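This report refers to the structure that appears directly beneath it.
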Amino acid sequence: MAAQPSAAEEVAGLDKVLLRLGLTEEVDLEKVLARLIPAVVGSLKSPHDATRKKVTNISRVIVLEILAHVNKRLKGAPACQLPLTPLLDMFSQPSAAPMVRSFCLVYVEMAVERCPPAQRLPA
């Protein structure tokens, strides 16, 4: 079983994610966001006391920077599909933190709006 990353490693990992997202080409954006959005939103429920108490503000700021960058990129890519099923799964977990559920809901709404009409449920 792999050891959990330390709080400092989590922050460093989030910084890398932000950099890599900034370098992602438009053609690869949908594929990257399919993995990135659930992972980044899920990182808001860190298991580390140090992350929650001391480093929480730093990691949350980085997560919010990443999600703000995602939002900007999505405005320029209206056809980009989002990972609806993983986000719904994360949202529906009873143990999901309120902040995780809130961000899941934001991206679930965006994902539904971007679904092809044939995949939408009738009103």
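The values are calculated or read from the model by the stated rules, or taken from the named source; none is laboratory data. Quick caveat: nothing in here was measured; it's all calculated off a predicted structure. No Cβ is skipped: glycine too gets one built from the backbone with ideal geometry, and neighbour counts run over all protein chains shown. What goes into the accessible areas is simple: the full protein's heavy atoms, side chains included, and nothing from ligands, DNA or RNA. Shrake-Rupley method; radii C 1.70, N 1.55, O 1.52, S 1.80 Å.
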remark   = For the stretch 7-119 the mean separation of alpha carbon contacts under 8 Å (6+ apart) over residue count, i.e. relative contact order in percent, is 31 percent
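Just the number please: accessible area per residue for the stretch 7-119, 1.4 Å probe, all protein chains included, in Å².
Values: 6760 Å² over 113 residues.
Value returned for the stretch 7-119: 60 Å² of accessible area per residue.
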request  = Excluding residues on the same chain fewer than 8 positions from residue 45, give the aspartates and glutamates whose Cα lies under 14 Å from its Cα.
outcome  = 10
task = Determine how large the accessible area of residue 64 is when every protein chain is in place; take a 1.4 Å probe and give Å² rounded to the nearest 10.
result = 80 Å²
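On a full-extension model of 0.36 nm per residue, what is the gain between residue 113 and residue 58, subtracting their alpha-carbon distance, rounded to one decimal in nm?
Taking residue 113 through residue 58 to full extension adds about 16.7 nm, to one decimal.
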Cβ-based charge dipole, the chain, positive-most Cα from 98, 69, 36 = 98
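To the nearest 20 debye, what is the magnitude of the charge dipole of the stretch 7-119 about its Cα centre, counting +1 on the Cβ of each Lys and Arg and -1 on the Cβ of each Asp and Glu? Kindly include the intermediate steps, with their values, before the conclusion.
Values: 14 positive and 12 negative charges, 58 e Å.
Result for the stretch 7-119 is approximately 280 debye, rounded to the nearest 20.
How many percent of the accessible area of the chain is carbon or sulfur, using a 1.4 Å probe?
Numbers: 4860 of 7940 Å².
Taking all protein chains in place, the chain shows 61 percent carbon and sulfur surface.
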